Each structure stands twice: as C-alpha cells, then as structure tokens.
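Here is the structure we will look at, set down as structure tokens.
The values are calculated or read from the model by the stated rules, or taken from the named source; none is laboratory data. Since the model is a prediction, treat every value here as computed from it, not as a measurement. Cβ coordinates were reconstructed from backbone atoms using ideal geometry, including for glycine residues, and neighbour counts include every protein chain displayed.
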Amino acid sequence: MMSIGKRMICLILMSSLLLSALCFSVGALSFIRGDADADGTVSVIDATTIQKVKASVQVDAFDEKAADVDGDGVVSVIDATLIQKSLAHIEIPYALGETVTVETDAPTQTIEHQPGENELPILS
C-alpha cells in the first residue's frame, strides 16, 4: 500500500501535468485555410464571402484568419482569386482546406454580422 505522503506527491504531480497541458492549449486558434465563411469547407462561397466583405456587403459569418489564404495579414481579392484558382484545379502555393493552428492572445476571429439600420436584408 502507498502511504498518504506518496499519494499526495502523486496527486500533486498529476495535477501539475494536467495544468501544464491546459496552459499549452490556451491561446491557440484553429481554422481551415480558405474557409472564409466558417462553414467547415472551402468552396466558391468563400471567395464570394471575401468579395462581399471587401465591398462592405452584409455576410452571415466571416473568419478573417481563414480568409487570408496567402498569410500576408491582409484579406484582399487576391485571397478570393487564390480560392477560385484552386477550385478550378489551377495550382497555387497554399494548401487550401488544411487545418492551421496558430498561437494567439486575441479572441476568436469569427464574427457574426449584425445588420445596421441602412442595410437591406438579403433575400434567399
């Protein structure tokens, strides 16, 4: 049988291992490269979402990190074009659809758009 002292040491060690594992996962952000609308897939709708955002048109959801296909820190029509090229089976130097995990101290980059008073509703 293990003594109470040994049990306490084991409990402390296990707790510290668990706590350190939790600390390493805090501040990580995962996204799918090219999935601008955050629906879990890369499609032409993602390119359209980027174009809408750049034109200040209402979108339901937008993941800025995922939309920055080329990773230059700026979401532009170049990113939308890269998605379109990839979908047309034209080789691009980025792996669309791959899950990317980055360390960050910022909150989630996915935003839900709330229509303003001067915006028209999108009819489906």
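Which members of region 75-89 meet the condition of being part of a loop (DSSP other than H, G, I, E, B) and surrounded by 10 or more Cβ atoms within 10 Å (Cβ to Cβ)? Result: Val75, Ser76.
Comparison of Phe62, Phe31 shows that the only residue that is at pLDDT 95 or above, among the aromatic types (Phe, Trp, Tyr) and closer than 29 Å to Glu91 by Cα is Phe62. Here Ser56 meets the list (1) at positive phi; (2) not in a loop (DSSP other than H, G, I, E, B) almost entirely, failing just condition (2).
Of everything listed in (1) under 20 Å from Glu98 (Cβ atoms); (2) touching a residue at least 60 places away in the same chain (Cβ under 8 Å), the single unmet condition for Gln58 is (1). Gly71 meets each of the listed conditions (1) within 18 Å of Val102 (Cβ to Cβ); (2) modelled with pLDDT under 95; (3) in a helix (DSSP H, G or I) apart from (3).
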